[in-house]
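Remarks on the structure that follows.
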Amino acid sequence: MATEKVFHLGPVRVRVNAAGDDAAPRQRLSRERIVDVALAQMKERGYEAVSMRSIAKDLGTGPASLYAHVANKDELDQLLIDRVAGDFPIPEPDPERWDEQLKQSLLDMLTVYRAHPGVARATLGMIPTSPGAMRNAEGVMALCRAGGIPDQLAAWACDMFALYMGAVAIEEDVWRARAAAAGEGGEPLREEDMVAAVHDVFASLPADEFPLLRSLASVMTTGDADDRVGFAVDIMVEGLKALARREA
């Protein structure tokens with residue numbers, strides 16, 4: 001059986017484990033373990049709550065130990081993106097249906113972000129250069145080329161896709177955090193209640209100042225998140241096709 005002794009050396013507290021025959025060996029610190037803990041913390045507490053210090057605390061070590069494996073928070077963000085990027089399914093391009101493949105790939109990107117709350121925030125202000133992220137960019141470019149999209153348009157579209165899908169995931173993370181906070185306060189925050197409240201606001205607007213918003217209150221609040229994301233994906237891909245035809 002393992003026992004622990006604590007020695008105080010001035011202001012420093014030192015813990016020493018005296019392990020018995022049945023004590024499990026301490027798991028070795030690695031990049032993989034650091035990323036595992038970061039992902040778990042993001043899912044529970046959100047992106048902003050994760051730091052090298054918080055990760056070190058959960059791993060039972062000091063922040064200095066982490067820097068031997070991860071240089072800084074920016075590198076940690078790259079590692080998180082790389083790990084999650086491995087879950088993005090990129091199909092073999094089919095020239096006959098490349099556009100449907102591209103639309104599904106964008107929806108799959110959001111699905112992966114939803115499975116890993118907080119990671120989308122790591123992509124902001126970051127140029128992903130990890131192997132996983134670059135493989136995904138390569139896959140999107142290949143789909144565009146299969147559809148005859150000019151390379152420059154495809155390159156800009158690749159950036160647009162990443163920004164939009166990431167923004168949707170980040171907004172959902174924000175609402176998830178608000179709902180959790182409201183629940184802790186005893187006032188559950190439900191999507192249908194929010195939509196109904198927005199509808200009522202539009203419907204009560206002065207008709208002489210906001211005639212369209214007032215008369216279209218139901219239209220403005222129709223559709224859930226998936227409906228709106230699907231609409232945006234259609235607009236982006238179909239708009240890309242239209243621009244390619246115009247250039248041709």
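Computed from the coordinates by the stated procedures, all read-outs in this text should not be read as laboratory data. As the structure is a computational prediction, the values presented were derived from the model and not from experiment. Every residue, glycine as well, gets a Cβ built from its backbone with ideal geometry; the counts of neighbours run over all protein chains shown.
Structure above, values below:
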{"quantity": "For the range 25-70, alpha-carbon Rg over 2.2 N^0.38 Å", "calculated": "1.06"}
{"quantity": "Shape call, the chain: gyration tensor on alpha carbons, a/c limit 1.5", "calculated": "oblate"}
{"quantity": "Residue range of the chain that is longest and free of trypsin sites (Lys or Arg not before Pro) which are both DSSP loop and sparsely packed (at most 15 other C-beta within 10 Å)", "calculated": "98-189"}
{"quantity": "Cα lying deepest toward the dipole's positive end in the chain, options Ile127, Leu66, Ala177, charges on Cβ", "calculated": "Leu66"}
{"quantity": "Theoretical ellipticity at 222 nm over the chain - DSSP helices of four or more residues, -39500 (n - 2.57) apiece, nearest 500", "calculated": "-20000 deg cm²/dmol"}
{"quantity": "At R0 = 22 Å, FRET efficiency that the Cβ-Cβ distance of Glu187 and Asp224 yields, to 0.05", "calculated": "0.50"}
{"quantity": "Ranked His199, His116, criterion: other C-beta atoms within 10 Å, fewest first", "calculated": "His199, His116"}
{"quantity": "Taking the range 89-247 and dividing mean pair separation by its residue count, relative contact order in percent (alpha carbons under 8 Å, at least six apart)", "calculated": "27 percent"}
{"quantity": "Sites excluded, GluC sites (Glu not before Pro) in DSSP loops with at most 14 other C-beta within 10 Å, longest stretch of the chain", "calculated": "97-208"}
